[in-house]
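Single-structure report; data block below.
The values are calculated or read from the model by the stated rules, or taken from the named source; none is laboratory data. Keep in mind it's a predicted model, so treat the numbers as computed, not measured. All Cβ positions, even for glycine, are placed from backbone atoms using ideal geometry, and neighbour counts span all protein chains on display. Only protein heavy atoms, including side chains, enter the accessible area calculation; ligands, DNA and RNA are left aside. Shrake-Rupley method; radii C 1.70, N 1.55, O 1.52, S 1.80 Å.
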Amino acid sequence: MSRVAVVVPLRPDAVETARRLIADGPPFELEGSPLEGHCIHLTDHEAVFVFEGPEAREVVERMVGEAGVWEAATAWRACLSGKPRVAETAFSWRRAAARPLHVPGL
C-alpha cells in the first residue's frame with residue numbers, strides 16, 4: 001500500500017469555490033480504480049488530495065491523462081494561487097488490526 005498527496009495552493013478568495021468543486025465529487029470513478037482510499041483535506045490556503053492504494057503515485061499519474069480530470073482541472077484553475085505539487089508520505093502510523101477475543105470453549 002502506498003499513499004501520495006497532491007497539494008493545491010488556493011487563492012484566499014477561492015476556498016468556498018474549492019469546497020463546491022469537492023462536493024461535486026471526483027472526476028474519475030473511484031470504485032473502478034485500483035485505489036484503496038481517497039480523501040481531500042481543505043484549509044484556508046490549500047486543498048490536499050490524498051490517494052491510497054497499490055502504486056498510488058502511478059495510478060494518479062495515469063488518471064491525470066483522463067479527459068474528465070482535464071475538465072475538472074479547468075474548473076479548478078480559477079482557484080489556484082500556484083502550481084500543484086506532489087507530496088510523498090514522510091511518516092505514517094496505523095494501529096495493528098484488532099486481535100479477535102478469545103472465547104473459552106470455542
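This table checks each residue for (1) touching a Lys or Arg at 6+ places or on another chain (Cβ under 7 Å); (2) in contact (Cβ under 8 Å) with a residue 40 or more places away in the chain; (3) under 26 Å from Ala90 (Cβ atoms).
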{"site": "Val4", "(1), (2), (3)": "yes, yes, yes"}
{"site": "Leu10", "(1), (2), (3)": "no, yes, yes"}
{"site": "Asp13", "(1), (2), (3)": "no, no, no"}
{"site": "Glu16", "(1), (2), (3)": "no, no, no"}
{"site": "Leu21", "(1), (2), (3)": "no, yes, no"}
{"site": "Leu42", "(1), (2), (3)": "yes, no, yes"}
{"site": "Val50", "(1), (2), (3)": "yes, yes, yes"}
{"site": "Ala67", "(1), (2), (3)": "no, no, no"}
{"site": "Ala75", "(1), (2), (3)": "no, yes, no"}
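Let's see how each residue does on (1) open to solvent by less than 60 Å² (accessible area, probe 1.4 Å); (2) out of contact with any strand residue (DSSP E or B) (no Cβ under 7 Å at 6 or more places or on another chain); (3) of a type in the set (Ser, Thr, Tyr):
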| site | (1), (2), (3) |
| --- | --- |
| Pro12 | no, yes, no |
| Gly25 | yes, yes, no |
| Arg57 | no, no, no |
| Val64 | no, yes, no |
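Do we find that Ala90 is among the small types (Gly, Ala, Ser) and open to solvent by 70 Å² or more (accessible area, probe 1.4 Å) in this structure?
yes
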Only unsatisfied item for Ala47, checking (1) at pLDDT below 95; (2) surrounded by 15 or more Cβ atoms within 10 Å (Cβ to Cβ); (3) within 19 Å of Ala75 (Cβ to Cβ), is (1)
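When segment 27-58 is examined, which residues are found to be of a type in the set (Asp, Glu) and out of contact with any Ser or Thr (no Cβ under 7 Å at 6 or more places or on another chain)?
If the condition is that a residue be of a type in the set (Asp, Glu) and out of contact with any Ser or Thr (no Cβ under 7 Å at 6 or more places or on another chain), then Glu29, Glu31, Glu36, Asp44, Glu46, Glu52, Glu58 are the ones that fit.
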Flagged in segment 33-44 as surrounded by 13 or more Cβ atoms within 10 Å (Cβ to Cβ) and charged (D, E, K, R), in numbering order, are Glu36
